[in-house]
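Colleague: Sharing a structure here in structure tokens format.
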Amino acid sequence: MKKSFLFISCEEAKHICDKTQYGEATGWERIKLALRLSWCRITKAYSNKNNKLTDAIEHSEIDCLKNDERSKIKQQFEKELAKRQ
Amino acid sequence: MAKHQLNPNNWIDLYSDYLFNYTISRVNDRVMAQDLVSETFLAGLKSMKNFKGEASERTWLVSILKRKIIDYYRKINSNKGKAEVRMTYNNDSESEGDWLEERVADPFDKTAEDKIENTELGNAIYDCLSKLPEKQAEVFKMKTILGYDTETICNELNITASNLWVLIHRARTALADCMEENWF
């Protein structure tokens, strides 16, 4: 099926909505999303939930280990674990 | 029979991020937080025989970590006598009289209550994250918490960009539903 110039599917809208949370949607994509949001309740509900999640994550200031940091801890731990097994 | 059992082979994968997040919010030093988490796992390994199985693995590890954090602060405080507190007030004559105003508490600043709420919110997010499939959780953490760009994650995990966005979408949907149930 030929892709529409301005109208997007619900799935595409959700994908753009996800990208928007990370500031990776282009201006044109955001326009297409805004148009879809103006009439599609499903997209709107998804977008609201998505924004709420982003706000919660930003508000919580959670942190996690980088892969190399975790590997370092894992290596040290596995060495000790091997000694005991 | 004990309600819970220990399986140290999974500790790092299951609890390292949770414990790290718990620690960094209390010690505010990334390297020290890593050391404390590492020490916690090693101490857990040593005292496995003391585990009664009444608490979950994670709760038990957190209780060890709490002691490690207290010890860390004790050690710092034992050096208190050597420490010197310096406060540099502005000597500029133009701002004379302003020094008190500059140091008045900001009413919009974060309060202890905000901090507690943030910590609880962080715990709720981690509880929901722990229910996700491993790959989804990993991609989500790298993208959302560590703020890596798409290309870096794709290279590191050897996945395509469209694959990444599918994983992100699934993770976000599951997390939003879980948070809706437990927090919002």
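Coordinate-derived values only; no laboratory data. Note that the structure is a prediction, hence the values are computed from the model and not measured. Note that each Cβ is placed from the backbone with ideal geometry, even for glycine, and that neighbours are counted across all protein chains shown.
Colleague: Hey, any hits in the stretch A:15-29 for a residue that's over 30 Å from residue B:117 (Cβ atoms), at the interface with chain B (Cβ under 7 Å from one of its Cβ atoms), without any contact (Cβ under 8 Å) to a residue 40 or more places away in the chain and in a helix (DSSP H, G or I)?
Modeller: The answer is yes; a qualifying residue exists.
Colleague: Something else about it: With the structure loaded, tell me whether residue A:10 is touching a residue at least 24 places away in the same chain (Cβ under 8 Å), surrounded by fewer than 18 Cβ atoms within 10 Å (Cβ to Cβ) and in contact with a helix residue (DSSP H, G or I) (Cβ under 6 Å, 6 or more places away or on another chain) or whether it fails that test.
Modeller: yes
Colleague: Failed condition for residue A:35, given (1) out of contact with any helix residue (DSSP H, G or I) (no Cβ under 8 Å at 6 or more places or on another chain); (2) within 12 Å of chain B (Cβ to nearest Cβ), with all others met?
Modeller: (2)
Colleague: Within the stretch B:124-161, how many residues are without any contact (Cβ under 8 Å) to a residue 40 or more places away in the chain, within 13 Å of the chain's Cα centre (by Cα) and in a helix (DSSP H, G or I)?
Modeller: Number of matching residues: 1.
Colleague: Please determine, by comparing only the residues of the stretch B:50-79 that are hydrophobic (A, V, I, L, M, F, W, C) and part of a loop (DSSP other than H, G, I, E, B), which one is farthest from the chain's Cα centre (by Cα).
Modeller: Only one residue tops the list, namely B:51.
Colleague: Being out of contact with any helix residue (DSSP H, G or I) (no Cβ under 7 Å at 6 or more places or on another chain) and of a type in the set (A, V, I, L, M, F, W, C) is the requirement here; does residue B:159 meet it?
Modeller: Answer is yes for this residue.
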